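Some notes on the structure that comes next.
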Amino acid sequence: MFVSYNSLLQKGRNLARVHITTEHPLSYHEMPVIVHEDGTVVDWLSWIGLDYQVEKLEYEEKRMILDRILADEKDRILLDRTMLDRILENMLDRILENEEDRMLLEKMLDSKKVR
């Protein structure tokens, strides 16, 4: 996935390739973490403070995020609401731009019977 964020050292936004994984030591109970190519994890303070925005998601990453969001209630409670709201707002804006992605979201919501 590609993200952009505000730089502390230079003006403007940086573009970076990151990936979502549960195979990192900071992943807790299979909670996915976002990791830069150099292995640095993007924590929720950095995500908010540096105004991270998802610019492009790969299919597998979209699937992983939606699976986690739609998981059972205990998992949803573990997610920090502020971070979740910011990620969702940015991600859904981009998902709903693409017909194929919109159909994937609808299919997943139907399969989870979300009300």
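On the given criteria, is Met64 at pLDDT below 75 and in contact with a helix residue (DSSP H, G or I) (Cβ under 6 Å, 6 or more places away or on another chain)? Answer is no for this residue. The residue that is farthest from Leu88 (Cα to Cα), counting only those in the stretch 1-59 that are touching a Ser or Thr at 6+ places or on another chain (Cβ under 6 Å) and part of a loop (DSSP other than H, G, I, E, B), is Glu30.
A Cβ distance below 6 Å, combined with a sequence gap of six or more or placement on separate chains, defines the contacts here; from the stretch 31-55, residues that are in contact (Cβ under 8 Å) with a residue 24 or more places away in the chain and at negative phi reach residues that are of a type in the set (Ser, Thr, Tyr) and surrounded by 13 or more Cβ atoms within 10 Å (Cβ to Cβ) in the pairs Pro32/Thr22; Leu50/Tyr5; Tyr52/Tyr5; Gln53/Ser4; Glu55/Ser4.
The values are calculated or read from the model by the stated rules, or taken from the named source; none is laboratory data. Only a predicted model underlies this, so the values are computations on that prediction, with no experimental measurement involved. For neighbour counting, all protein chains shown are included, and Cβ atoms are generated from backbone atoms with ideal geometry for every residue, glycine included.
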